[in-house]
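What follows is a set of notes on a single structure, which appears directly below.
The values are calculated or read from the model by the stated rules, or taken from the named source; none is laboratory data. Please read these numbers as outputs of a predicted model, since none were measured by experiment. Here the Cβ positions follow ideal geometry from the backbone for every residue, glycine too, while neighbour counts run over all protein chains shown.
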Amino acid sequence: MSVRAQLEARVGEVIGVGDWHTITQADVDRFADATRDHQWIHVDAARAAEGPFGATIAHGFMTLALIPGIGPVLDIPGVKMIVNYGLNRVRFISPVPTGSRVRVVREIAGVSEKPNGIHLEERVTIELEGSAKPACVAETLILLFV
């Protein structure tokens with residue numbers, strides 16, 4: 001069975017759940033430095049303690065950027081290379097306070113043919129430990145080269 005057929009048979013299935021990852025203030029500070037986004041809700045613990053979230057929070061884009069690093073690795077036999085292609089809908093549902101833990105859940109949403117490979121659409125949920133609502137939900141687009 002082809003890689004495409006194998007993936008099509010799994011549309012709607014969760015294909016991986018990552019390990020829990022703790023968001024540290026050092027992580028947030030490094031992201032702030034890399035993106036030059038030093039808004040006080042991310043980097044000023046004293047001011048953020050008095051703010052709407054009661055503590056510093058991770059940047060939404062930092063949370064999104066964690067997907068490849070803390071998400072479950074896609075190990076698909078027959079695939080030579082995996083490349084991020086883009087994003088469709090992205091929503092930041094809940095703030096991620098520093099010290100909290102998040103994990104990535106990946107689900108196959110769609111599969112189609114592309115030159116030299118396969119276009120894989122995923123529904124990605126970044127769960128926030130102890131929260132009824134996720135931190136982030138996104139539709140990711142990936143190119144699989146076979």
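Table for the structure above
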{"read-out": "Residue 141 hydrophobic (A, V, I, L, M, F, W, C), out of contact with any helix residue (DSSP H, G or I) (no Cβ under 9 Å at 6 or more places or on another chain) and part of a strand (DSSP E or B)", "value": "yes"}
{"read-out": "Residues located in segment 64-90, provided they are on the phi > 0 side of the Ramachandran plot and out of contact with any helix residue (DSSP H, G or I) (no Cβ under 9 Å at 6 or more places or on another chain)", "value": "86"}
{"read-out": "Residue within segment 70-81 that is charged (D, E, K, R) and farther than 19 Å from residue 135 by Cα present", "value": "yes"}
{"read-out": "Residue in segment 62-74 that is within 16 Å of residue 121 (Cα to Cα), free of Cβ contacts under 8 Å to residues at least 60 places away in the same chain, not charged (D, E, K, R) and not in a loop (DSSP other than H, G, I, E, B) present", "value": "yes"}
{"read-out": "Flag for residue 117 being surrounded by 14 or more Cβ atoms within 10 Å (Cβ to Cβ), under 22 Å from residue 146 (Cβ atoms) and at pLDDT below 95", "value": "yes"}
{"read-out": "Residues located in segment 89-128, provided they are of a type in the set (Ser, Thr, Tyr) and farther than 22 Å from residue 143 by Cα", "value": "94, 98, 100"}
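Residue-by-condition table, conditions (1) over 21 Å from residue 132 (Cβ atoms); (2) not in a strand (DSSP E or B):
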position: 31; (1), (2): yes, yes
position: 87; (1), (2): yes, no
position: 99; (1), (2): no, yes
position: 105; (1), (2): no, no
position: 109; (1), (2): yes, no
